[in-house]
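Novice: Let me give you the structure first, and then I'll get to my questions.
Where a number appears in this text, it was derived from the coordinates with a stated rule and is not lab data. All values reported here derive from a predicted model rather than from experimental measurement. Because the Cβ atoms are built from the backbone with ideal geometry, glycine has one as well, and the counts that use them run over all protein chains shown.
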Amino acid sequence: TMLHVNLCPYLFCLTYIYTSTAQSDYAPYFYDNGPHSNNGNLALFSLSEDTPKGTQIYVLNGTDPEGQPVRYGLSFDPGSKEYFRVDPKSGVVTLIEELDREEQDELEVLVSISDGLNKVVEKVRVFVMDANDERPQFQNMPSIVDVPEVMDNTPSGSSIYKVQTVDRDTGSGGSVTYFLQSNDPNSKFAIDRHSGVLRIKPGENLDYERSRTHFVTVVAKDGGGNYNGRVQVMSSSATLTINVIDSQDSPPVFVGTPYFGYVYEVSSPGSEIFTVFAKDGDVENPNPVVYSIESGSDGVFGINKTSGCITLFAYPAHLRREIFNIKASEVNAEGNLMDFSVTTVTIRVVDLNNHPPTFYGESGPQNMFELTMYEHPPEGEILRGLKITVNDSDQGANAKFNLRLVGPGRMLRVVPQTVLNEAQVTILVEDSAAIDYEKSQSLTFKLLAVEIDTPERFSATADIVINLLDTNDNAPKFSSDFYIARIPENSPGGSNVVSVTATDPDSGLWGVVKYSIYGSGSDLFLIQSDSGIIYTQPWASLDAEVKSKYNFYVKAEDTEGKYSLAEVFVTVLDLNDHSPEFNENSLEKTMVIGAPVKVEAVDDDAEEPNNVIEYSIMKVEPDNIFDINAETGEIKLKPYIKSMDIVQNITNQKECTWSVVVQARDRGSPSFSTTTVVKIDITEATQLRGPFASFLMQSRENPMQILGLISGVIIVMVVVTVLISTVMFMRTKNSNKILPSRRIIRRRAKHRKQWNFQNPFKPQNNGENFMMKESEVPLAENINCNNNSVGTRWSPPAPPRAPLPPPLPGHSRSGECLWAVPTVSASVASKSKKRSCRHKENPINTALVSELKLKLEQKKITNRSADRSNEFYQ
């Protein structure tokens, strides 16, 4: 008890402290921002049912009086579907399930806010707003309704059905209007767009005989509304089937019209031709039908009134018309005739196919026609010698047939190709080239006439025989376009070369062939005009080394000049009839040790192996120290000889001159050979210095390099010479002057003497460079040393010859070339002391001038001749 008394003050103090603390910690609370705010406590918040899942729809917002951090919570009643989720810290509310206003338009949600010590829970309502997501639903469709066709029972404008629908949306999305889905402007029905009442259009009636069933598709459409941010109109459709109930209001109806009946031309009376059939138009309650022929049948036909069978009463030959009217009438229970219908029946007499096609000639039916004509008539020409007619006595399709010509190739064509009853047959030439006497002297064709559309397919045939006459329409033709012949050289004249053959298929004289040859290569050959055998000319000598190939043309011609050509190629076969020949009988060579020397021989035969040469060493004095290349003729020292010391040791002689007997042998059959002695001086290579010597040593094995160098030097020298000559020529042309001295009279020389100049390349005083002129030629000292050839281009002169005699005075002919005569205009100078040229006078020119002087003094000229000569040269 004492302890209890002592503890009471302490317990009281703790109770006081706790109570004071609890009273100072206030509970958190939500902000109430009203139903149109998107943050607060979610009370009275409204949300559209088409909001997508995952959308952040709201933010819970509250506070704690003491400023403590708060956390949010959200829950639903047990067993209820949870539509929202909240973030505890931020208060963001997210939609996690799809909403459907038609299923649940109001949601109760428990929202809470807590500061860790105190938790406040509120129960709020969230309203789900409507979106236009529902289609109108038909309550009584699809459906079937029966409507009678009689106007009294169902007049125009009568209501026949009421359509009922439900749309669970609200507002405009829940209002429904109706219309018919039909593109047919002749539709018999209409619907009230608001009430859904279906009626027959005014002025329209239902007719069982025209249509027993009608299908009407009704479309129900709502007024539209928002859905997912856009306006959406929803609709649905359903089909109403309307069956029309028949009434007795239609006349009989013929089945299978139009009617066509046929009677064969050989049919006998009593034959059934055709049966018509009619039935009452009122199918549900039909009346019996009776038949009759409304217009007269001419006593040829009759009809059974109950069965409708039409029967033949007389032979078809008495039939005057084809079309008849048949009447079908309804009979009621009392036997009275009621409604009726009339139709037409066409009855035709059918021709039997009992006549085949027949060919006729000038004298009646005929199955063979014959004609004689020349080959190759013009294309398109009518064979007028054939007079053919074809006929089929049947009528209509039975008389229609095709004509066809069967024979070798497509030489001829028949016109017409299709015939009805009767036609004149025409044969035309289609391929003129194929009608050839040489191929066939007689042609046989089959002319066919075959019916087209008849089961029997009757037909007829006729033979056409054409006998051909020959014309000269072929040129001779060689057996080959070219002939190749070979003949050995040295064959005697008249040797057979080749035989050519050409044939001409024409008959008689037109087929006789004559042969001839021509062409640049035919001079050595001749041909027998009848046989076509080609020979060499009797005097011809063929040499393959001179010419080994000949070609010429051979011509085959008939009696009217038609011909063809073939080419003949003749090869002259080479014979080994020439021995190899060395360039010189005795050859002297200097051989540098290490370098070969070469001997060459030539064989004049035209072909291998006759002109292929093999070289060999036959004998060597004093000793054989050489090898020779059998193909090229190169002679080399044996490989072990490297210096002159070795050579001298072998021979024990200081003079190294060798005589080598070399043989050149061809490979022909028989083989020919020639030998020669080659003297070879062996020396050792001299040590040359300088770049040129090095080049020569390097090019010792390749002589083409040395030849190229020499050619280059020669070309440079020629170019320099041409430049210098051009400059000198221009200077001479500008400074050349000839002074008058005395007249030179040209006379006819007594003797012609051939001049032989040792230096023909100096043309200064050659007599052929002086041209006779009509004016006087004065003499003066030759100032320019150029032979007075001003304005002419120098060229090497021809070998000198004696001057030609001049023409007789007064007998010069126009068009002749000027006579080239020797003159002394540049070699005989006056007694002037001036030097005429810087160089000494050429002794050849001096001799020429002296000889001319001598010839001029040997003969005296008569005054008459001198006067005439003076006139000629002036």
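Novice: Sorting check: for 368-375, 124-131, which peptide has the highest mean count of neighbouring beta carbons within 10 Å, and how do the rest follow? Don't skip to the answer; put the middle values down first.
Specialist: On the way: 368-375: 15.2, 124-131: 17.9.
Going from most to least packed, we get 124-131, 368-375.
Novice: Largest first and to the nearest Å, give the Cα extent of the stretch 33-152 along each principal axis.
Specialist: Principal extents (largest minus smallest coordinate, Cα): 91, 28, 22 Å.
Novice: Amide H of F313 versus every other amide H placed in the peptide plane: which residues, excluding those fewer than 5 positions away on the same chain, fall under 5 Å?
Specialist: G270, F301, G302
Novice: Based on other C-beta atoms within 10 Å, arrange W539, W658, W510 from fewest to most.
Specialist: Placing the least packed residue first, the sequence is W539, W510, W658.
Novice: For a quick check: sort D25, D167 by the number of other beta carbons within 10 angstrom, fewest at the front. It would help to have the intermediate numbers written out before the result.
Specialist: On the way: D25 14, D167 20.
Listed from fewest to most nearby Cβ atoms, that is D25, D167.
Novice: For T165, enumerate residues with amide H under 5 Å from its amide H, sequence gap 5+ or separate chain, H modeled in the peptide plane.
Specialist: For T165, whose amide H was placed from the backbone, the distant partners under 5 Å are Q139.
Novice: Would you please put 251-260, 602-611 in order of how densely packed they are, using the mean number of other Cβ atoms within 10 angstrom per residue and starting with the highest? Each step should come with its number before you reach the end.
Specialist: Details: 251-260: 15.7, 602-611: 17.9.
Taking the mean over residues of other Cβ atoms within 10 Å, the ranking is 602-611, 251-260.
Novice: How do T177, T213 rank when sorted from fewest to most other Cβ atoms within 10 Å of their own Cβ?
Specialist: Details: T177 17, T213 10.
In order of increasing Cβ crowding within 10 Å: T213, T177.
Novice: Could you work out the per residue convex hull volume over the alpha carbons of the stretch 358-469, in cubic angstrom? Before the final figure, lay out the partial values.
Specialist: Numbers: hull volume 9.9 nm³, N = 112.
About 88 Å³ per residue, rounded to a whole number.
Novice: Semi-axes of the equivalent ellipsoid for the stretch 424-551, please: Cα gyration tensor eigenvalues, times 5, square-rooted, ordered largest first, whole Å. If you can, show how the numbers build up before the last one.
Specialist: On the way: eigenvalues 641, 41, 22 Å².
After scaling each eigenvalue by five and taking roots: 57, 14, 10 Å.
Novice: For the stretch 208-274, compute the orientation-averaged projected area of the C-alpha convex hull (one quarter of its surface), in nm². Mind showing how you got there, number by number?
Specialist: On the way: hull surface 43.1 nm².
Projected over every direction and averaged, the Cα hull of the stretch 208-274 covers 10.8 nm².
Novice: Here's something else I'd like to know. Once amide H atoms are placed 1.01 Å from N in the peptide plane, what residues at a sequence separation of 5 or more from G594, or on another chain, have their amide H within under 5 Å of its amide H?
Specialist: L637
Novice: Pairs to check: K439/K514; K446/K477; K549/K598; K439/K562; K188/K327; K547/K598. Give those whose C-alpha atoms are more than 27 Å from each other in this structure.
Specialist: Working: K439/K514 23 Å; K446/K477 34 Å; K549/K598 34 Å; K439/K562 19 Å; K188/K327 33 Å; K547/K598 30 Å.
Among K439/K514; K446/K477; K549/K598; K439/K562; K188/K327; K547/K598, the Cα-Cα distance tops 27 Å for K446/K477; K549/K598; K188/K327; K547/K598.
Novice: Counting Lys and Arg as +1 and Asp and Glu as -1, what is the net charge of the other residues whose Cβ lies under 10 Å from the Cβ of D115?
Specialist: Numbers: positive: R71, K119; negative: D25, D64, E66.
Computed value for this residue: -1.
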